[in-house]
Amino acid sequence: MNLLQKLPIGLGLACLMFMSSCSKEDAAVSPALKQEQENIHSSHKGVTYVLPFFAPTIGAVGKEVYPAGWQAYSFGPGQADPLIPAGTSSLTHLWGGNAFPWEKPLPPVPTAPNANSVVTVSNHGSVNDISYAGTKIKNLTPGRKYAITFYLATTKLKGAYTTPQEYATNIYINLNAKFVQVNLKGKEATWIPQTITFDAVSNEEVFDFFAGGEIGSYAYAHVFVDKNSIKDVTFNH
């Protein structure tokens, strides 16, 4: 004979009702309790880890138009020289305008075949006549090592112009005291993948670039950054 059978009828019914109500209450609150437990576990006692961010170059096209997070760096952040423009181009036209087609359209980016916007800078024939564009890589942890991956290319305009149009000879990258020069000769209208590894010294680092070209000629260079193009590689070295 079990415990309930030994109890008086009234007390046994009360116990059954209490057990039934407890069971229903547990069923009602258990999802919330489970979610709370998951939140506590994932937040690691209130500490939230924010992923590092290298802004992609996906966005609207136009002269002095930039994807979110990007800007001109001609004379410093946000300062552009209107005579030496930068901005966002399509794979087929300077600044995305129908009046300025590339002599050789850029091929689709290997990691983003449907993307059609790239950040463009120009060189107007001398070391003083160049434009810069850049972004801030954010959410870094000083002392940790990161790797960024992106694509570089050069194109030139189709047709006859008063100033000769040439392909850029080099692209120069500035990042965290690193100065990277990439030779573009013989690689016209071709995407060149690049990876830079660096140690963060602050929670933000400026990435900017400019084009090298022949004296007396106009040249254009492009950078494409895909989504999720930065990785923490601290423990991979």
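The values are calculated or read from the model by the stated rules, or taken from the named source; none is laboratory data. All figures in this text were calculated on a predicted structure; none of them were measured in a lab. We place every Cβ from the backbone using ideal geometry, glycine too, and count neighbours over all the protein chains shown. The accessibility values were calculated without ligands, DNA or RNA, using every heavy atom of the protein model including side chains. Shrake-Rupley method; radii C 1.70, N 1.55, O 1.52, S 1.80 Å.
Which of the residues that make up segment 95-151 are under 23 Å from TYR218 (Cβ atoms) and among the small types (Gly, Ala, Ser)? Selection gives GLY96, GLY97, ALA99, SER117, SER122, GLY125, SER126, SER131, ALA133, GLY134. Of all residues in segment 117-165, those satisfying the criterion of being assigned to a loop (DSSP other than H, G, I, E, B), within 14 Å of PHE209 (Cα to Cα) and in contact with a Ser or Thr (Cβ under 6 Å, 6 or more places away or on another chain) are SER131, TYR132. Going through (1) modelled with pLDDT of 85 or more; (2) on the phi < 0 side of the Ramachandran plot; (3) within 23 Å of the chain's Cα centre (by Cα); (4) open to solvent by less than 40 Å² (accessible area, probe 1.4 Å) one by one, TYR73 falls short only on (1). Between THR195, THR163, the distinction of being modelled with pLDDT of 95 or more and either surrounded by 15 or more Cβ atoms within 10 Å (Cβ to Cβ) or of a type outside the set (Asp, Glu) (or both) belongs to THR195 only. The residues of segment 172-188 that are under 19 Å from the mean Cα position of the chain (by Cα) and either part of a loop (DSSP other than H, G, I, E, B) or at positive phi (or both) amount to a single one, ASN176. The condition (being at pLDDT below 95, of a type in the set (S, T, N, Q) and more than 29 Å from PRO105 (Cα to Cα)) is satisfied by just one residue among ASN176, ASN228: ASN176.
Among residues of segment 220-231 that are part of a strand (DSSP E or B), those with a Cβ under 6 angstrom from a residue that is of a type in the set (A, V, I, L, M, F, W, C) and open to solvent by 10 Å² or more (accessible area, probe 1.4 Å), sequence gap 6+ or separate chain, pair up as LYS231/ALA147.
On inspection, VAL201 qualifies as among the β-branched types (Val, Ile, Thr), loosely packed, with under 15 Cβ neighbours inside 10 Å and not in a strand (DSSP E or B). Of all the numbered requirements in (1) among the hydrophobic types (A, V, I, L, M, F, W, C); (2) under 30 Å from PHE150 (Cβ atoms); (3) modelled with pLDDT under 95, PHE54 misses one, and that requirement is (3).
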